1. Could you pull out every residue, at least 5 positions away or on a different chain, whose amide H is within less than 5 Å of the one on residue 467? Hs are placed 1.01 Å off N in the peptide plane, and Pro or chain starts have none.
2. Using only Cα atoms, tell me the angle between helix 49-82 and the longest principal axis of the chain; keep it within 0 to 90° and round to the nearest 10.
3. What is the angle, in °, between the Cα long axis of helix 3-23 and the longest principal axis of the Cα atoms in the chain? Nearest 10 is fine, range 0 to 90.
4. When averaged across all projection directions, what area in nm² does the alpha-carbon convex hull of segment 1-91 cover?
5. Of all the accessible heavy-atom surface of segment 374-480, with the other protein chains kept in place and a 1.4 Å probe, what percent is carbon and sulfur?
6. Cα extents of segment 83-162 along the three principal axes, largest first, in whole Å?
7. Can you give the three extents of the C-alpha atoms in segment 203-255 along their principal axes, from longest to shortest, in whole Å?
8. I need to check one value: relative contact order of the chain, counting alpha carbon pairs closer than 8 Å and at least 6 residues apart, in percent.
Amino acid sequence: MTDYLHTVDWSRAQFALTAIYHWLFVPLTLGLGFLIALMETRYVRTGDPFWKRTTKFWMRLFGINFAIGVATGIILEFEFGTNWSNYSHFVGDIFGAPLAIEGIMAFFMESTFIAVMFFGWDKVSKRFHLAATWLTAIGANLSAVWILVANAWMQHPVGCTFNLDTVRNEMTSFCDVAFSPVAVDKFFHTVTSSFMLAALFVVGVSAWYLLQGRERRMATASISMASAFGLCFALLTALTGDRSGAVVARVQPMKLAAMEALYRGEEGAPLTVVGVLRPEQERPLNGDPFYFSVDIPKMLSIMSFRDADAYVPGIYDLVDGNEEHGIMPTAEKMARGRRAVEELARYRAALETGDTVVQAEVRALFDPARPEGEAFLRDYFAYFGYGYLDAPGQIVPHVPTLFYSFRVMVGAGVLFILVLALVWWFNRRGELERRRWLLRTAIWCVPLAYIASQAGWILAEMGRQPWAIQEMMPVSVAASKIPSGSVATTFFLFLALFTALLVAELSIMFRQIKLGPNDKE
């Protein structure tokens, strides 16, 4: 293995490490901001100092989480330039646009108003302070909009064209990038699940107070608001997840096949509810990949294409091709991609030698306004990324990771809906404090919500492998050409730093929860 391939692996590991730690802080920020704004709205409307005291308590927990989330997020964005410079050059004109909007509009918005939110209680009017709280919550979610638009474009690149002279992809339609089906579904699914996580956090902390016999009024009032809020968004998370699955079936069929461990395509494909996969070395070529499984007949076809008899391609179909269903073999895509790579190399050589004839020939192939260009771009350049692959099997992500991650995410989501519904119902009837088993379950749902959230991102990002940009640029050519030892060193430095930040945050959060609200507030 060359040093560059070592660099790619270490860069992937470092980026995954940073993204995982960053996402430990983001979802709570997205949802808790709105819950705090709702609580402060109650305070402004009623004038009851109880709601001010409650708002300030949850605001402290929000602030601790927000600060560390910002720190990890800045590092994550810088890694695109340090570790993934080839990627940044190739698509920086597109990927950089939503990130720039996020920094200029959303981040400055939330960072401005958060100062008023925390330090303006006795310095501005009640209504201005309430507006600052709402704008902080909105700003945090606007940041999520543009970051998720950028991520969605990596999953489904649209609204761009290739510039032959700069060897860069350039944006042709901002609307196509911002409002692609993947971007819209990714935003709504991510945000609704984050709102659910924040609600579970508030419910879990409040449940701990009830078990301790402390802060009963604050706990029951917080649970009343958070359980209704969380149940609403838990149901919306299920709906947006269903829609996301249908979009994935159309634009990332390999991800769908891998997360369902579907090796052979089927008409009327079943959905595997639970199952245990056989190790790859024990799996017969055309046999059952499971030791055991529980299936729902035809459900995968229904969920993916809204048709009980629809054909869902499997892993082998996508690798080897399926002429009956119009699926091109990966080997053919690789051959076509290499032709596109060769034409690009031919053009660069012609520029160096001053061969204007070859330059004109290649320009014609990359010009969509000419018939030969339209055909070349459709039949060859569309598979450009495949030209860098070494073997067809490289397009298959790690099936067990995707299969189990999906079921952890969905199974936890079903549990959350049930728990939030029960908590809301018993709290409304004044019986929740006596249901100590349910209070304990609510507390355990807090770490489970983080596990489910991480599982969702693992599914999204590992399911795209080996692509940095779906079918356009593999990870193997996206990394910077820097010594692997440098990346390995910073990986362990970040591991130590992020772990220290996580321990510090948890210590501060637990201390604040144990202290409870300040009675002087």
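The values are calculated or read from the model by the stated rules, or taken from the named source; none is laboratory data. The model shown is predicted, which means the values in this text are computed figures rather than measured ones. Keep in mind that these areas ignore ligands, DNA and RNA; they rest on the heavy atoms of the full protein, side chains included. Shrake-Rupley method; radii C 1.70, N 1.55, O 1.52, S 1.80 Å.
1. 475
2. Computed tilt is about 20 degrees.
3. Orientation of helix 3-23: about 30 degrees from the principal axis.
4. 7.4
5. 65
6. 54, 22, 16
7. 52, 18, 9
8. 21
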